[in-house]
Amino acid sequence: MTMAEDFAIASSEPLAAGRDRGFAVGAWRSIAILALIAAAVALPFTLSNYHVFELTQVMIYAIAVLGLNILTGYNGQISLGHGGFFAAGAYTAAILMHRYGVPYWATLPPAALVCFALGVLFGLPALRFEGPYLALVTLAMAVATPQLLKYFDTWTGGQQGINLIKVQAPAVLGIGRDRWLYLVVLVVLLVSMRVAANMLHGRTGRALVAIRDHPIAAAAMGIDVARYKTLAFGTSSLFTGVAGALSAIVIGFVAPESFTLFLSLSFLVGSAVGGIATISGAIVGGFFIEFVPNIANDISDAAPWAIYGLTMLLFMYVMPRGVVGSLAGLVQRLQPRRLAAGEDQKHK
Amino acid sequence: MAPILELRAVKAFYGHSEVVHGIDVAVEEGGMTVLLGANGAGKTTTLRAICGMVRSEGEIVFAGQRLHRRSTEAIAALGIAHVPEGRGTFTGLTVEENLRLGGFTRAGRPDAGIRRMFGYFPILGERRRQQAGALSGGEQQMLAIARALMMAPRLLVLDEPSFGLAPRIVEDIFAIVERIRREERVSVLLVEQNASLALELADQAYLLETGYVVMSGPAKTLADDPQIRRSYLGY
Amino acid sequence: MHELLQQIFSGLAAGAVYASLALALVMIYRATDLVNFAQGEMAMFSTYVAWMLVNAGLPFWAAFALTLAVSFLGGMTIERIVIRPVENAPVLAAVVVTIGLLLIFNALAGWLFTYTLQEFPSPFPDRTLFGALMTTRDLGVIGVTLAMLLLLFLFFRFTATGLAMRAAAQNPESARLCGIPVGRMLAIGWGLAAAIGAVAGIMVAPVLFLDPNMMGGVLLYAFTGALLGGITSPVGAVVGGLIVGVTENLVGAYLIASQLKLTVALALIVLVLVFRPNGLFGAAIVRRV
């Protein structure tokens, strides 16, 4: 299973076009983004606590899916096991808080580091595997995760998991716990997207995509394929692990049953639905993972997962490159065609 | 004699780009027509358009039937046998299996047809149980042509049969193709970069440049044309 | 020693089931470059069909044959209606579609048949042979699997359609140029894979008991076996499936209790893949430069 030319970096095209057209478009774009952020900050104050919690979950999933997008979308290494990294981040945070009394915000850097190291450790042997073989190896990790969590119960609390003391918002702000955590996660999400954008739209991103589309040519151009692929794994795992840590903090509870194969598959589906080689698609993916199962439940009491599955199918039929991927493709198609001699001569 | 294949104002597309810009081509029944041109002229795209492998506009008429919107396999079943660029042999299957596949659309057992192919290409008979991928370039080209003939086609379409082959082998192959054309009464549409050999054998010739037909007529006329001589024949 | 042989033999019987499902996976992968994650659930659904037929009073082998026919048609229909729209889409979209299909079949089965474990009859008498070395049931499963493999081999090697399917899988464009209806060949491939899956499900149901989640573990082992053998090799699928079956049994019997059995078995096989990253019989994924 190869990713190759299926996913050209469509998402960076509008950016490039914007730069070409000069200051005006760039300025409008920045204003639009700032407006969105402002709206996102204001939003929790207009919604009930439960809805705020749901949106926080959306953002957590978005960060996790963003990690997967980096690895599978931009670098072409398929992973069916990102639930494992998510769990690693979650349990790192949980153990630090529960056993060592580390304050919740201080658990994020260690979780990030641990997961980065795990990702690199995993990425090294993964260099040997391609396509379906890599899928199997990551699948094995996903399947093994809940079992390993139950096995090492002195650390993980085994089957029962770990119960955490609920995080409180700083009293001076006077907002509820849910809203506070929403804002914390929002900040992490924005930072993550910024970091990812810087990385992916620059040299590193181009190297990753080159490796994805044509590893031999990439190596011939002097790109250290092994280093970039391993880094991709580490970075991807870092993002997803941080999401996991946030999840532990927000929910206040970790248990093996939360980190099954289904979680890994959900990330993959969220990735695909949003647009796997995009950054903003991760947010769409987050919405999909969080809300579609609930909606499915509302539609059909008897077989909600059938509706969920059907929805997945419909999304893939209508937008096989994901929501953001398809939209970006559309934008590309609508732009004035800079055709001229160059494009013609490529073909017979 | 009516042409067995006619292209009228045909445009062909490679993805979203139009690479052939409204050409008229005719292949006389029983004759050999050659499309000449440099790389990028649109020759292969034209062939692919005929076989429904790329998007096209305009009229393509084969033996009185419009080929518009038919699938590649339906067009093959109508009687057009296309030997693509790069041979297209099934490298994982044996020589004999490749030939049997050629007979897929024909009723009855393929054995008689296979024997006749071995008559034209004895080397294939010797290697009948070998994997096609193990054959040399020239042998694979022969296999590809033989497989096309197994379809008992009315039109044989050959895309650059000389590609990557030594001159001696190319001559052998073209000699066999000419023999086949006469004995099997098959029309031939040939795309070639090797202009001199093609013009010797063909009846009609068309010269394509960047998707347009810039010259056409009897092969002899084109072969004598000074501009063609300079650009494509080297003298 | 005696116990070791017993474990190996019952491992082979389990392996025969994994091998069958692995073969189905390989067939579809060769034809469409896609791993059908829904293969297990499709097989489970077929097994429920067989169960209904048997409960309706049909003799076992009649129900078996009818189920295979229905599964074949079902597989073809699924290829035409569910998979066809994403055949030319990015591979990931097709993967997601198979995952969606997995969920749909699982949920449908749960809704139609409930999650209660059901007994499924075995056509083989429950006796032991050769001094308790093996059971007739295990022998029967291996026998049925071998018969099926033989039929498939004959079909692909000696029939025109079989040859056309092999050609369509190897080189769809050239196959079309020969007049072969590649789409129809794909559909037949999916139909055959579904029928093979049905056989696997029917063979394993008496042991695992029939319920909508019956094939989850089996699919995982089958996938592992297919890759161990080399995802492009049918022979590899069978050998891989058998090895996985034996390994799972031996690990469970001698190394570790059931909880971590799956993890350890998988780890061992991943270890093999580290040394042979394309499986035992697989061709390296060739890249045109």
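Which of the residues belonging to segment B:81-98 are more than 9 Å from chain C (Cβ to nearest Cβ) and either touching a Leu at 6+ places or on another chain (Cβ under 7 Å) or closer than 21 Å to residue B:65 by Cβ (or both)?
The one that is more than 9 Å from chain C (Cβ to nearest Cβ) and either touching a Leu at 6+ places or on another chain (Cβ under 7 Å) or closer than 21 Å to residue B:65 by Cβ (or both): B:95.
Does segment B:39-50 contain at least one residue that is modelled with pLDDT under 90 and loosely packed, with under 15 Cβ neighbours inside 10 Å?
yes
Can you tell me which residue is nearest to residue A:278 (Cα to Cα) among those in segment A:193-224 that are among the aliphatic types (A, V, I, L, M) and not in a helix (DSSP H, G or I)? Give the derivation first.
So the first thing to find is which residues in segment A:193-224 are among the aliphatic types (A, V, I, L, M), and the list is A:193, A:195-197, A:199-200, A:207-211, A:216-221, A:223.
Narrowing further to those that are not in a helix (DSSP H, G or I): A:221, A:223.
Working: A:221: 25, A:223: 22 Å.
Per the stated criteria, the residue is A:223.
Would you say residue B:107 is at pLDDT 90 or above and in a loop (DSSP other than H, G, I, E, B)?
Working: at pLDDT 90 or above: no; in a loop (DSSP other than H, G, I, E, B): yes.
When the stated conditions are applied, residue B:107 does not pass them.
Before we move on, is residue C:149 under 23 Å from the mean Cα position of the chain (by Cα), free of Cβ contacts under 8 Å to residues at least 40 places away in the same chain and either within 26 Å of residue C:80 (Cβ to Cβ) or away from chain B (no Cβ under 14 Å) (or both)? Give the derivation first.
On the way: under 23 Å from the mean Cα position of the chain (by Cα): yes; free of Cβ contacts under 8 Å to residues at least 40 places away in the same chain: no; either within 26 Å of residue C:80 (Cβ to Cβ) or away from chain B (no Cβ under 14 Å) (or both): yes.
No, not satisfied.
Hey, could you check segment A:289-340 for residues that are of a type in the set (Asp, Glu) and assigned to a helix (DSSP H, G or I) and say which is nearest to residue A:267 (Cα to Cα)?
Restricting to residues being of a type in the set (Asp, Glu) and assigned to a helix (DSSP H, G or I), the top hit is A:290.
Checking residue A:278 against (1) in a helix (DSSP H, G or I); (2) buried (at least 23 other Cβ atoms within 10 Å of the Cβ); (3) not small (Gly, Ala, Ser), only one condition comes out false. Which one?
(1)
I'd like to check which strands (runs of 3 or more DSSP E) are fully inside segment B:1-102 and have at least 2 residues that are touching a residue at least 60 places away in the same chain (Cβ under 8 Å).
Details: elements: B:3-14, B:17-28, B:32-36, B:56-62, B:80-83.
It comes to B:3-14, B:17-28, B:32-36, B:80-83.
Would you check if there is a residue in segment B:205-216 being part of a helix (DSSP H, G or I), of a type outside the set (Phe, Trp, Tyr) and either surrounded by fewer than 18 Cβ atoms within 10 Å (Cβ to Cβ) or touching a residue at least 12 places away in the same chain (Cβ under 8 Å) (or both)?
The answer is no, given that none of the residues of segment B:205-216 is part of a helix (DSSP H, G or I), of a type outside the set (Phe, Trp, Tyr) and either surrounded by fewer than 18 Cβ atoms within 10 Å (Cβ to Cβ) or touching a residue at least 12 places away in the same chain (Cβ under 8 Å) (or both).
Suppose we filter B:90, B:118 for residues that are buried (at least 22 other Cβ atoms within 10 Å of the Cβ), at pLDDT 90 or above, outside the structural domain of residue B:47 (by TED's automatic domain parsing) and of a type in the set (Phe, Trp, Tyr); which single one remains? Break it down stepwise before answering.
Values: B:118 fails: buried (at least 22 other Cβ atoms within 10 Å of the Cβ).
Being buried (at least 22 other Cβ atoms within 10 Å of the Cβ), at pLDDT 90 or above, outside the structural domain of residue B:47 (by TED's automatic domain parsing) and of a type in the set (Phe, Trp, Tyr) holds for just one of B:90, B:118, which is B:90.
Yes or no, residue by residue, for (1) in contact with a Lys or Arg (Cβ under 9 Å, 6 or more places away or on another chain); (2) within 11 Å of chain C (Cβ to nearest Cβ); (3) among the hydroxyl-bearing types (Ser, Thr, Tyr):
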{"residue": "A:132", "(1), (2), (3)": "no, yes, no"}
{"residue": "A:155", "(1), (2), (3)": "yes, no, no"}
{"residue": "A:167", "(1), (2), (3)": "yes, no, no"}
{"residue": "A:180", "(1), (2), (3)": "no, no, no"}
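Return the residues of segment C:91-135 that are among the hydroxyl-bearing types (Ser, Thr, Tyr) and over 21 Å from the mean Cα position of the chain (by Cα); say none if nothing qualifies. Before you say what the answer is, go through the steps one by one.
Narrowing segment C:91-135 to residues among the hydroxyl-bearing types (Ser, Thr, Tyr): C:98, C:114-116, C:122, C:128, C:135.
The answer is C:114, C:115, C:116, C:128, C:135.
Considering B:78, B:67, which residue is within 25 Å of residue B:209 (Cα to Cα), among the hydrophobic types (A, V, I, L, M, F, W, C) and surrounded by fewer than 24 Cβ atoms within 10 Å (Cβ to Cβ)? Please lay out each step first, then the result.
Numbers: B:78 fails: within 25 Å of residue B:209 (Cα to Cα).
That would be B:67, the only listed residue that is within 25 Å of residue B:209 (Cα to Cα), among the hydrophobic types (A, V, I, L, M, F, W, C) and surrounded by fewer than 24 Cβ atoms within 10 Å (Cβ to Cβ).
Testing residue C:213 on (1) modelled with pLDDT of 85 or more; (2) under 20 Å from residue C:146 (Cα atoms); (3) outside any helix (DSSP H, G or I), one condition comes back false. Which one is that?
Going through (1) modelled with pLDDT of 85 or more; (2) under 20 Å from residue C:146 (Cα atoms); (3) outside any helix (DSSP H, G or I) one by one, residue C:213 breaks only (2).
Can you confirm whether residue C:63 is free of Cβ contacts under 8 Å to residues at least 40 places away in the same chain, farther than 22 Å from residue C:279 by Cβ, among the hydrophobic types (A, V, I, L, M, F, W, C) and outside any loop (DSSP other than H, G, I, E, B)?
Details: free of Cβ contacts under 8 Å to residues at least 40 places away in the same chain: yes; farther than 22 Å from residue C:279 by Cβ: yes; among the hydrophobic types (A, V, I, L, M, F, W, C): yes; outside any loop (DSSP other than H, G, I, E, B): yes.
Taking the combined requirement at face value, the residue satisfies it.
Please work out which one of (1) without any contact (Cβ under 8 Å) to a residue 60 or more places away in the chain; (2) closer than 22 Å to residue A:190 by Cα is the condition residue A:105 fails and give its number.
(1)
Scan (1) in the same structural domain as residue B:60 (by TED's automatic domain parsing); (2) among the charged types (D, E, K, R); (3) in contact with a Phe, Trp or Tyr (Cβ under 9 Å, 6 or more places away or on another chain) for the single condition residue B:126 breaks and write down its number.
(1)
Test residue C:160 against the criterion of being among the aliphatic types (A, V, I, L, M) and either within 14 Å of chain A (Cβ to nearest Cβ) or surrounded by 23 or more Cβ atoms within 10 Å (Cβ to Cβ) (or both), and give yes or no. Break it down into steps so the answer makes sense when it comes.
Values: among the aliphatic types (A, V, I, L, M): yes; either within 14 Å of chain A (Cβ to nearest Cβ) or surrounded by 23 or more Cβ atoms within 10 Å (Cβ to Cβ) (or both): no.
In short, no.
Identify all residues within segment A:318-334 that are of a type in the set (Val, Ile, Thr) and surrounded by 17 or more Cβ atoms within 10 Å (Cβ to Cβ); write none if there are none. Even if it seems obvious, please write down each step before you answer.
Pass one, segment A:318-334, residues of a type in the set (Val, Ile, Thr): A:318, A:323-324, A:331.
Scanning segment A:318-334 gives A:323, A:324.
Under 6 Å between Cβ atoms, at least 6 apart or on separate chains: pull out the pairs that start in segment B:153-179 with a residue that is assigned to a loop (DSSP other than H, G, I, E, B) and end on any residue that is surrounded by 20 or more Cβ atoms within 10 Å (Cβ to Cβ) and among the polar types (S, T, N, Q).
Note: pairs meeting the criteria are B:161/B:141.
The values are calculated or read from the model by the stated rules, or taken from the named source; none is laboratory data. This is a predicted model, so every value here is computed, not measured. Cβ coordinates were reconstructed from backbone atoms using ideal geometry, including for glycine residues, and neighbour counts include every protein chain displayed.
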